[in-house]
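A.B. asks: Quick one: this structure, given as structure tokens, is what I'll be asking you about.
The values are calculated or read from the model by the stated rules, or taken from the named source; none is laboratory data. Just so we're clear, the structure is a prediction, and the values are computed from it rather than from any experiment. Because the Cβ atoms are built from the backbone with ideal geometry, glycine has one as well, and the counts that use them run over all protein chains shown. The area values use the complete protein model at the heavy-atom level, side chains included, leaving out ligands, DNA and RNA. Shrake-Rupley method; radii C 1.70, N 1.55, O 1.52, S 1.80 Å.
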Amino acid sequence: MLSIPEKGRPWEELKAELESAKKDDFRWREGRMALYFYYLNEEVKRVQQEAYCAYWTENAMGQRAFPSMKKLESEVLQMGLSLHHAPGDAVATFTSGGSESIFLALKTARDWARETKGITNPNIVIPRTGHPTFDRAAQHLGIRVIRVPTTRNDFRADPAEMAKRITPETIMLLGSAPNYPFGVFDPIEQIAALAQARGLWMHVDACVGGFLAPFVRELGQEIPPFDFAVPGVMSISADLHKYGYAPKGASMMMLRDAALQQYQTFTFNDWERGAYVSNTSQGTRAGGAVAAAWAVMNFLGREGYVHWAKVIMDTVATLTAGINAIPGLAVLEPHELCIFVYRSTDPALDIGAVAEGLTARGWFVGRQAEPPGIHMHLNPVHAETAEMYLADLRDAVEEVRATRATSDTPVERTY
Ligand SMILES: Cc1ncc(COP(=O)(O)O)c(C=O)c1O
């Protein structure tokens, strides 16, 4: 097992080692992967890095000591709230990522249901396409998750099926905006109406769409209502470190009504140091993440977000047209934002082998399990590599056809 070295080494040497340590990593900057990262250009990267470094050691928890942190954080949260049509008494919390935002929404709903309805053995009813982090949070919080199949043809949550699975112990319904596996919006208005009719908490997971969908709507594309404009939506998770283009460690959890925050807040007194109060599941929080989110939002402005939304949607159009033009491949429909899946429609063309061919050509491939396919989660840098990707995809398909006669039949969607 490695121990801390006896003597330190010069930074120049360590810096070189860090740089060379990356040599076998996939080249996200060159758009060689369609997951895990969000990159615009070198100019925005500089804004992210310099803003982060300006607050690299400030603790966002210590807002009495760092009033500037409080101001920056409050401005980020206000911008996020207004983007999501929040009413005047809504509140938001800056978190470390989508998973923490969702954890806090579940924790708040659980304690609300315990206090106001006496539910002690809670469950949540969510579409099967909901992100795995709902199950992780539920495991920590002692909540049972009931996953309900989506509609057969359009991968959207099925409110009628969800209604059938509600029990007297159900506390929350979920809709994603959009979901991660297929990139489609769940029918938020219908799920929220169901939640209202049954007196349930409605959460919208807009981790992917929160900072992209409003700007795609401005481009003229129809985006269904998904935020606080929909009556009954109680909380929303939206990630700044995805399409808000903040560096990692930045998301927000929004509550329709500040009065609900009493079920979120952790307060503690029983130790020698006195009162400890926190609204997140963290203690110390990275000040740099807050400052960088603030800087990127102000650097891009609404115009910048609309511009980059157009770049992404144009790239989706280029890639999906190019993929559909390759015999034996088809993009699953519908898909509505920055995510889509393609699969093989030809029993002689194994999509797994196509994925391997792409990997061999230097692309990091996101694999879809059901139905077997290739998952694409785009960001602006893919505009520069779309044609290169299509050329390599055509090559990979030809290679598979030439070298492998496979009996794998693409699996039809059966759930
Ligand atoms: C729809 C959705 N919700 C939640 C999450 C979890 O977010 P994070 O990875 O920031 O914790 C993701 C991550 O991709 C997501 O796509």
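A.B. asks: Select from the stretch 130-142 the residues that are surrounded by 23 or more Cβ atoms within 10 Å (Cβ to Cβ) and part of a loop (DSSP other than H, G, I, E, B) and list them in ascending order. Lay out the reasoning, then the answer.
C.D. replies: Start the filter on the stretch 130-142 by keeping residues that are surrounded by 23 or more Cβ atoms within 10 Å (Cβ to Cβ), which leaves 130, 134, 137.
Matches in the stretch 130-142: 130 only.
A.B. asks: Any residue at all in the stretch 239-248 that's touching a Ser or Thr at 6+ places or on another chain (Cβ under 9 Å) and of a type in the set (A, V, I, L, M, F, W, C)? Before the answer, list the steps.
C.D. replies: Filtering the stretch 239-248 for residues touching a Ser or Thr at 6+ places or on another chain (Cβ under 9 Å) gives 239-242, 244, 248.
Applying the additional criterion that residues be of a type in the set (A, V, I, L, M, F, W, C) yields 240.
Yes: the stretch 239-248 contains one or more residues that are touching a Ser or Thr at 6+ places or on another chain (Cβ under 9 Å) and of a type in the set (A, V, I, L, M, F, W, C).
A.B. asks: Only one of these is within 16 Å of the ligand (Cβ to nearest atom) and in contact with a Gly (Cβ under 7 Å, 6 or more places away or on another chain): 138, 157. Name it. Give the derivation first.
C.D. replies: Values: 138 fails: in contact with a Gly (Cβ under 7 Å, 6 or more places away or on another chain).
Only one candidate qualifies: 157.
A.B. asks: Kindly provide the set of residues from the stretch 10-47 that are assigned to a loop (DSSP other than H, G, I, E, B), open to solvent by less than 80 Å² (accessible area, probe 1.4 Å) and not aromatic (Phe, Trp, Tyr), ordered by number. Please lay out each step first, then the result.
C.D. replies: Filtering the stretch 10-47 down to residues assigned to a loop (DSSP other than H, G, I, E, B) leaves 10, 25-27, 31-32, 34-41.
Subset that is open to solvent by less than 80 Å² (accessible area, probe 1.4 Å): 10, 26, 31-32, 34-35, 37-41.
Within the stretch 10-47, 10, 31, 32, 34, 35, 40, 41 meet the criteria.
A.B. asks: Quick check on this structure: which one of 58, 73, 30 is among the acidic types (Asp, Glu), under 28 Å from the mean Cα position of the chain (by Cα), closer than 27 Å to residue 254 by Cα and at pLDDT below 95? First the steps, then the outcome.
C.D. replies: Working: 73 fails: at pLDDT below 95; 30 fails: closer than 27 Å to residue 254 by Cα.
Step by step, each of 58, 73, 30 is checked, and only 58 is among the acidic types (Asp, Glu), under 28 Å from the mean Cα position of the chain (by Cα), closer than 27 Å to residue 254 by Cα and at pLDDT below 95.
A.B. asks: Is it the case that some residue within the stretch 73-80 is open to solvent by 90 Å² or more (accessible area, probe 1.4 Å) and not in a strand (DSSP E or B)? Even if it seems obvious, please write down each step before you answer.
C.D. replies: Step one: filter the stretch 73-80 for residues open to solvent by 90 Å² or more (accessible area, probe 1.4 Å), giving 78.
Of the ones still in play, those that are also not in a strand (DSSP E or B) are 78.
Yes, the stretch 73-80 has at least one match.
A.B. asks: Only one of 66, 94 is over 30 Å from residue 213 (Cβ atoms) and surrounded by 15 or more Cβ atoms within 10 Å (Cβ to Cβ). Can you tell me which?
C.D. replies: Numbers: 94 fails: over 30 Å from residue 213 (Cβ atoms).
That would be 66, the only listed residue that is over 30 Å from residue 213 (Cβ atoms) and surrounded by 15 or more Cβ atoms within 10 Å (Cβ to Cβ).
A.B. asks: Also, quick follow-up: Do any residues in the stretch 61-72 that are under 15 Å from residue 289 (Cβ atoms) have Cβ atoms under 6 Å from those of residues that are part of a helix (DSSP H, G or I), where the two are at least six apart or on different chains, and which pairs are they?
C.D. replies: 63/69; 63/70; 69/287; 72/290; 72/291; 72/294
A.B. asks: How many residues, within the stretch 85-126, are out of contact with any helix residue (DSSP H, G or I) (no Cβ under 8 Å at 6 or more places or on another chain) and not in a helix (DSSP H, G or I)? Before the answer, list the steps.
C.D. replies: Residues of the stretch 85-126 out of contact with any helix residue (DSSP H, G or I) (no Cβ under 8 Å at 6 or more places or on another chain): 85-88, 97, 100-101, 104-105, 113-114, 116-118, 121, 123.
So of that shortlist, the ones also not in a helix (DSSP H, G or I) come out as 85-88, 97, 118, 121, 123.
Final tally of qualifying residues: 8.
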